[in-house]
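Visitor: Sharing a structure, written as structure tokens. Questions coming.
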Amino acid sequence: MATHKHPLELQEELNKIAQELRIEALAMIHRRGQGHPGGALSAAEIVAALYFHQMRIRPKEPNWENRDRFILSKGHASAILYPALAKRGYFPEADIKDWGQIASHLQGHPDKNKTPGVDMSAGCLGHGISIGAGLGLAARISGLDFKTYVMVGDGECQAGVIWEGVMLAAKYKICNLITILDYNKVQLDGTVEEVMPMEPMKAKWASFNWNVIEIDGHDMKQVLASLDEACSCKEGPSVIIAHTVKGKGVSYMEGKAEWHYRVPTTDELKLAVEELDVNV
Ligand SMILES: Cc1ncc(C[n+]2csc(CCOP(=O)(O)OP(=O)(O)O)c2C)c(N)n1
């Protein structure tokens, strides 16, 4: 969906979409009485940039062979993905209200076999990079030029299987594979530093022979520039280490592990929407 807008106008538009996705994500979680707000909110700018600018997709043709792929490896953050897919026209926005119900095509965690636009079923953490590497190789072998974007969490990167995919992608110099690390520093029940420190994060990825780009994941200008830079790298796979804030945009959620998996009350939702609305 590459546009020729003035960069500032584009950033403003994408920031607005990111806030709208946040509001929708929280409303969904409230309505369903389940969900993961913290890691959904930290990913909003990146998801907005991918779906509303970066990715070459055809929502009316979700299985188009040469589409760019997006893998939400941290599948628990589906509340930020589904509103983006609906807004891009993969399915009616009204479907969102049934999220998580047994008959709905929108399951709690993304299901490739049910939801148009979902490229990998996820929820069991750790597998997005390996699958992404496979898609990257498949593109190369088939002579297709699509890219695969994979979003992983920092807690997720504690899974050993992540690094198997990382090694494979480096070995085969899979430069059409772009990983975005949502580095919000908080996982399920504490900070990453407390549970299992991942620093030095940048040096880790670099030592695995990945091209490393480090950004503020809430600064749309940096998000867009990093995606362009990653796409132009022909040496091997790229990782965008996006420094983010868990629960970004809602004062009482920011940086709190408690909000990894918690449902806002009606009053809390109202307050969150007020705070997010200011910036829409
Ligand atoms: C293999 C596996 N183990 C455990 C879980 C349970 N789980 C769901 S979310 C989560 C924490 C993930 O932390 P992080 O990657 O930092 O996610 P974010 O902060 O971005 O939401 C865990 C352990 C899971 N989904 N899959």
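Visitor: Could you check the simple spin-label distance between Leu144 and Lys5, using points 7 Å along Cα→Cβ, in nm with one decimal?
Guide: For the pair Leu144/Lys5, the computed spacing is 2.8 nm.
Visitor: Here's something else I'd like to know. Using the Cβ atoms and a cut-off under 10 Å, what net charge is assigned to the surroundings of Cys175, where Lys and Arg are +1 and Asp and Glu are -1?
Guide: Residues near Cys175 contribute +3 overall.
Visitor: Just to confirm the filter: which chymotrypsin sites (Phe, Trp or Tyr not before Pro) across segment 25-78 are DSSP coil and have at most 11 other Cβ within 10 angstrom of their Cβ?
Guide: Numbers: sites: Tyr51, Phe52, Trp64, Phe70; in loops: Trp64.
Sites meeting the loop and neighbour criteria: none at all.
Visitor: Taking the radius of gyration and the Kirkwood hydrodynamic radius from Cα positions alone, what is the Rg/Rh ratio for the chain, to two decimal places? All intermediate terms of the calculation are to be shown ahead of the outcome.
Guide: Values: Rg = 17.4 Å, Rh = 18.6 Å.
Reported Rg/Rh (Cα atoms, Kirkwood Rh): 0.94.
Visitor: Run the accessible area of the chain with a 1.4 Å probe and give the carbon-and-sulfur part as a rounded percent. Kindly include the intermediate steps, with their values, before the conclusion.
Guide: Values: 6420 of 11820 Å².
Accessible surface attributable to carbon and sulfur in the chain totals 54 percent.
Visitor: Sticking with this one: May I ask you to order 168-181, 21-34 by the average number of other C-beta atoms within 10 Å around their residues, highest value first?
Guide: Result, highest mean Cβ count within 10 Å first: 168-181, 21-34.
Visitor: Can you pull the accessible area of Glu194 for me, 1.4 Å probe, Å² to the nearest 10?
Guide: 140 Å²
Visitor: Can you tell me the relative contact order of the chain? Whole percent, Cα pairs under 8 Å, sequence separation 6 or more.
Guide: Values: 567 pairs, mean separation 64.9, N = 280.
After rounding, I find 23 percent.
Visitor: Here is a follow-up. Please compute the per residue accessible area over the chain with all protein chains in place, 1.4 Å probe, rounded to a whole number of Å².
Guide: Working: 11820 Å² over 280 residues.
Each residue of the chain exposes 42 Å² on average to a 1.4 Å probe.
Visitor: A further question follows. For Asn66 and Lys256 in the same chain, what is the full-extension length gain: residue separation times 0.36 nm, less their Cα-Cα distance, in nm?
Guide: Numbers: separation 190, 0.36 × 190 = 68.40 nm, distance 3.96 nm.
My answer for the length gained is 64.4 nm.
Visitor: Then there is this: Counting DSSP beta bridges in the chain, what percent are antiparallel, to the nearest 5? Write out the running numbers ahead of the final one.
Guide: Details: 1 of 23 bridges.
If we restrict to bridges inside the chain, about 5 percent are antiparallel.
Visitor: On to the next question. In nm, to one decimal, how far is the Glu193 label point from the Val263 one, both placed 7 Å along Cα→Cβ?
Guide: With each label placed 7 Å out from Cα toward Cβ, I get 3.3 nm.
Visitor: Work from the charge dipole of segment 126-280 (Cβ charges, +1 for Lys and Arg, -1 for Asp and Glu, about the Cα centre) and give the residue of Ile141, Trp205, Ala242 farthest towards its positive end.
Guide: Of the candidates, Ile141 comes out farthest on the positive side.
Visitor: Give the calculated FRET efficiency between Asp216 and Val161 to the nearest 0.05, with a Förster radius of 41 Å applied to their Cβ-Cβ distance.
Guide: Values: r = 28 Å, r/R0 = 0.69.
Calculated value: 0.90.
Visitor: Still on this structure, I have one more. Please identify the chymotrypsin sites (Phe, Trp or Tyr not before Pro) of segment 196-280 that satisfy two criteria: DSSP loop assignment and at most 13 other Cβ atoms within 10 Å. Which are they?
Guide: Details: sites: Trp205, Phe208, Trp210, Tyr252, Trp259, Tyr261; in loops: Phe208, Trp210, Tyr252, Tyr261.
In loop regions of segment 196-280 (DSSP not H, G, I, E or B), the sparsely surrounded chymotrypsin sites (Phe, Trp or Tyr not before Pro) are Tyr252.
Visitor: Report the Cα centroid-to-centroid distance between segment 242-271 and segment 1-72 in angstrom, as an integer.
Guide: Each part's Cα centre sits 18 Å from the other's.
Visitor: Shifting gears a bit: Quick test of the membrane-span-like rule: which DSSP H helices of the chain reach at least 20 Å along their long axis (C-alpha atoms) with mean Kyte hydropathy at least 0.5? Before the final figure, lay out each step's value.
Guide: Working: long enough: 7-32 (37 Å, -0.40); 128-142 (21 Å, 1.25).
Passing helices, by number: 128-142.
Visitor: Given the -39500 (n - 2.57) contribution per DSSP H run of 4+ residues, what per-residue ellipticity at 222 nm results for the chain, rounded to the nearest 500 deg cm²/dmol?
Guide: Dividing the helical sum by the residues of the chain leaves -12000 deg cm²/dmol.
Visitor: Additional query: Could you check the simple spin-label distance between Asp98 and Glu12, using points 7 Å along Cα→Cβ, in nm with one decimal?
Guide: In this crude spin-label approximation the distance works out to 3.9 nm.
Visitor: Taking only the alpha-carbon atoms of segment 103-175, what semi-axes of the equivalent ellipsoid follow from 5 times the gyration tensor eigenvalues under a square root, in whole Å, largest first? Mind showing how you got there, number by number?
Guide: Working: eigenvalues 103, 65, 11 Å².
One finds semi-axes of 23, 18, 8 Å for segment 103-175.
The values are calculated or read from the model by the stated rules, or taken from the named source; none is laboratory data. Since the structure is predicted, the reported quantities are computational estimates derived from the model, not experimental observations. When we count neighbours, we look across all protein chains shown, and the Cβ atoms used for this are built from the backbone with ideal geometry, even at glycine. Remember, those area values only see protein heavy atoms, side chains included, never the ligands or the DNA or RNA. Shrake-Rupley method; radii C 1.70, N 1.55, O 1.52, S 1.80 Å.
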